[in-house]
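Notes follow once the structure below has been shown.
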Amino acid sequence: MITGSVAAIAYGEPRMTNDVDLVVRLDLKAAVLLERAFPEESYYVPPREVIDEERQRPQFGLFNIIHRDTALRADFYVASDVLHAWAFDRRRSENIAGSTVWFAPVEYVIVRKLEYYRESGSDRHLRDIAGIVRVSRATINDEALRRLLEQRQLVEFWERAVAS
């Protein structure tokens with residue numbers, strides 16, 4: 001499912017980005033299919049051993065695939081925590097150019113953006129959240145979001161984001 005800046009753009013306001021963040025459930029069969037989907041002559045794909053190591057991490061498995069001609073990058077985050085599971089159960093689909101594309105739920109995008117803000121201090125995440133609130137406020141499940149914010153100790157950062 002798509003998350004990160006591309007999801008923030010879909011739920012909020014446009015901005016430039018050079019990558020797409022994806023959360024994936026990745027068993028061995030899916031890892032093989034991934035290699036087939038991105039042929040070596042057009043994409044840098046990490047060696048199978050690297051993908052296997054990342055997909056077996058108990059947390060924070062991550063690898064990227066890069067388009068050779070444009071240097072555009074897809075960051076693949078391996079689903080491994082309860083928030084990923086929560087988001088997968090609530091993801092939403094969109095039909096884009098005849099293909100089904102899955103987006104993380106808006107509450108997940110907000111929570112992850114707040115976590116990244118807490119880690120990095122980058123106001124870009126707060127601006128993304130402010131844009132999401134302006135554009136998609138009616139779609140946010142306030143109760144679910146509040147519960148996630150409290151569980152992850154992000155209420156203070158949420159209040160900062162909506163005040164900007």
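Just to be sure, is residue 109 buried (at least 16 other Cβ atoms within 10 Å of the Cβ), touching a residue at least 24 places away in the same chain (Cβ under 8 Å) and closer than 17 Å to residue 155 by Cα? Yes, satisfied.
Step by step: first the residues of segment 118-146, then only those that are among the small types (Gly, Ala, Ser) and part of a helix (DSSP H, G or I), then the one that is surrounded by the fewest Cβ atoms within 10 Å (Cβ to Cβ). Which residue is that? Checking each candidate, the answer is 138. Comparison of 114, 149, 154 shows that the only residue that is touching a Phe, Trp or Tyr at 6+ places or on another chain (Cβ under 6 Å), more than 24 Å from residue 14 (Cβ to Cβ) and surrounded by 16 or more Cβ atoms within 10 Å (Cβ to Cβ) is 149. Any residue at all in segment 106-114 that's farther than 23 Å from residue 24 by Cα and among the acidic types (Asp, Glu)? Within segment 106-114 (the criterion being farther than 23 Å from residue 24 by Cα and among the acidic types (Asp, Glu)), the answer is no, since none of the residues qualifies.
When segment 47-70 is filtered for residues that are under 15 Å from residue 27 (Cβ atoms) and either touching a residue at least 40 places away in the same chain (Cβ under 8 Å) or of a type in the set (A, V, I, L, M) (or both), only 51 remains.
The residues in segment 43-55 that are surrounded by 12 or more Cβ atoms within 10 Å (Cβ to Cβ) and closer than 23 Å to residue 69 by Cα can be counted, and the count is 6.
Each value in this text was obtained by applying a stated rule to the coordinates, not by laboratory testing. Small disclaimer: the values here were computed from a predicted structure and weren't measured. As a convention, Cβ positions derive from the backbone with ideal geometry for all residues, glycine included, and neighbour counts pool all protein chains shown.
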